[in-house]
Amino acid sequence: MGRAQGPWSVAARKLLPAMRTWRQSFHEQPELANEERRTRDKVVRALRDLGLTPTVYDDFTGVLATIGADRPGPVVALRADMDALPVEERTNLPYRSRVPGRMHACGHDVHMSCLLGAAALLVRAGPRVRGPVRLIFQPAEEQGEAGGAGPFIDRGCLDAPKVDFVVGQHVTPEIPAGQIGWKKGPMMAAADRFRIVVRGRGGHAAYPHRGPDAVVAAAEIIVGLQAIVSRARDPVDPVVISVGTVHGGTRHNILPPEVVLEGTVRTFRPATRDAIERLLRTRVRHLAQSLGASARVEYVRGYPVLVNSPPVTERLVGILGEEFGDAQLVELAAPVMGAEDFSRYLEHVPGSFLKLGAGTDGPPATLHSPTFAPPEQTLVVGAATLAAAAVGLQAR
């Protein structure tokens, strides 16, 4: 089970059969964002079995519970996400998804099981838990723009009593199993979505000179957007603009009157985020007009930049170093362009988001892959990480 030798890890190993059962049950019956009703019911049963009284909602699939609500120490919130993805599973796991076209391909089944394991550890820890520990089982992390964090915050998951620190984690195959990745400051990008509707005239493909060609205009826009990245912003300020879908046309010899482009923008600085939106709107309009076409831009702000509190992250590194050994902690060299709505909690409460190593010696499988299957070691390390973080942040 790796090199973890601390007291939380020893206790977590004893919980592995329970965490294995939870993980397999979640994995077999995955549910998409805001549809996690069966998943919610499983979480509620597990929490009640631990002697806790979870809060559920009529119009929301999240689950909230608190350990030691009346204790006077600092309040620490621990968060796990619940939703699966529209992916057809291609693993050989005996507990692979039973739902066609649905899979826990991002490890949220592991996250929930780790948080339930941490809850069991903390319940058994008794007075070592000096203050309330808030357990946040959040739906709809994969939703994109809205996500489940914002609605959960609106329902008071960080209040009564007010949360002092928040900690989350996510499995990653890019770090070996047993290791934990950390980073101070910006760690994950803001993610926005755009939809561009390009309008031309349409007609017979043999006579393109008779009207603006929406396909050619769309192609110029796709290429032109990359000039924003390469020529309109500071090269040491990371930006990604990607077009993910192109829709237009019905037949090879017909010019469509309309082409629709959809894509994403990733940034790290608020000023850059604002500037890129302005530049994108202007560039799209000018490129379309230069070819006699027109274009309408819909731009939707998604998750903000995920910024880990440097003081809290430094404290966590010390806490986890005592639990696992410094050699098992990996400082991430650079932020990543992926996004996470854990960032919304960090806009309200200081905290840190950790990377839970899930890499193995076998063939690599990326997040959202139909073959992604974190090893069981992640359950032990993940549960011990959350429990150690909660108690450690309250004690210092």
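Nothing in this text is a laboratory measurement; each read-out follows from the coordinates by a stated rule. Just so you know, these numbers come straight off a predicted model, no measurement behind them. Virtual Cβ from ideal backbone geometry, glycine too; neighbours counted across all protein chains shown.
Of all the options Gly302, Gly211, Gly68, the one that moves most in a Gaussian network model of the chain with Cα springs shorter than 10 angstrom is Gly211. Between His204 and Asn92, the distance separating the two model label sites (each 7 Å from Cα on the Cα→Cβ line) works out to 5.9 nm.
A straight Cα-to-Cα reach below 19 Å connects Lys184 with the lysines Lys355, residues fewer than 8 places away in its own chain not being considered.
Centroid-to-centroid, using Cα positions, region 110-140 and region 1-51 are 11 Å apart. Report note on the peptides 194-202, 378-386: ranked by the mean count of other C-beta atoms within 10 Å, highest first, their order is 378-386, 194-202. How many times 2.2 N^0.38 Å is the alpha carbon radius of gyration of the chain? Relative to the rule-of-thumb radius for its length, the chain sits at 1.10. How would you classify region 82-142 from its alpha-carbon gyration tensor, with a ≥ b ≥ c the square roots of the eigenvalues: rounded for a/c under 1.5, else prolate if a/b is greater than b/c, otherwise oblate? Prolate shape, in that a/c is at least 1.5 and a/b is the bigger ratio.
Using only alpha carbons, build the gyration tensor for region 190-301 and give me the equivalent ellipsoid semi-axes, biggest first, whole Å.
Its equivalent ellipsoid spans semi-axes of 29, 13, 10 Å.
To the nearest 0.05, how large is the calculated FRET efficiency for His368 and Ala334 if R₀ is 25 Å and r is the Cβ-Cβ distance?
0.75
Considering the chain as a Gaussian network with a 10 Å cut-off on Cα pairs, which listed residue, Leu32, Leu320, Leu93, attains the greatest mean-square fluctuation? Largest GNM mean-square fluctuation: Leu93.
Hey, any idea what Rg/Rh is for region 283-376, computing Rh the Kirkwood way over Cα pairs?
1.17
Each peptide in 53-65, 236-248, 178-190 receives the mean, over its residues, of other Cβ atoms within 10 Å, and ordering these scores from highest gives 178-190, 53-65, 236-248. Per residue, the chain reaches -11000 deg cm²/dmol at 222 nm when only DSSP H runs of four or more residues are counted, each adding -39500 (n - 2.57).
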